[in-house]
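Okay, structure first, notes after.
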Amino acid sequence: MISNRARLLMLCLVASWPGAAAVSDDAPPAAEVAPVHVPDLTGTWTGQWKSRTSGHKGPMRAKFCRLDACRYEVTFCGRFCVLVPFRYTTVLTVTGCSDGCVALRGSERLGPLFGTFSMNARASGTQFVSNYCSEKDRGQFTMTRCCR
């Protein structure tokens, strides 16, 4: 039995293969595979971030733009210590899908002061939860879709 993660990976590989759309009339019928529902995360999300290291927290907003079947460009905006704004953009890659949720992974170097932030996330069509870590901090982003 093929896992949903393996199906999603095959879908990404086939969709990006040159000439993948060309199918011969002589080709044998494809094996039936149950469709995998992958929620589209495109749109604006709101919520908060919280550091598990320091206990600091603040509001957060994110805009998801789908690049292709397996990647999203995401711009995160928020505030630290009530007044200090932050903003960064990263690419999150789909690493799997199950139970109507998609798993994502990404990392972004935010300069010498903040280092590299890495995250693993799980999202449905309405909820996004990401655990992040860097050299000096660990925490979580929790957001809900506010509009598409």
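The values are calculated or read from the model by the stated rules, or taken from the named source; none is laboratory data. Model, not experiment: these values are computed from the prediction. We place every Cβ from the backbone using ideal geometry, glycine too, and count neighbours over all the protein chains shown.
Filter the stretch 34-45 down to the residues that are under 13 Å from Gln127 (Cα atoms) and either surrounded by 15 or more Cβ atoms within 10 Å (Cβ to Cβ) or free of Cβ contacts under 8 Å to residues at least 12 places away in the same chain (or both) and list them by number. Don't jump to the end; show me each part of the working.
Narrowing the stretch 34-45 to residues under 13 Å from Gln127 (Cα atoms): 39-45.
Hits for the stretch 34-45 are Pro39, Leu41, Gly43, Trp45.
Tally the residues that are loosely packed, with under 15 Cβ neighbours inside 10 Å and more than 27 Å from Asp99 (Cα to Cα), restricting the search to the stretch 116-137.
Matching residues across the stretch 116-137 total 3.
When both residues are 6+ apart or on different chains and their Cβ atoms are under 6 Å apart, which pairs have a first residue that lies in the stretch 126-142 and is closer than 11 Å to Lys50 by Cβ and among the acidic types (Asp, Glu), and a second that is modelled with pLDDT under 95 and not in a strand (DSSP E or B)?
Asp137/Thr53
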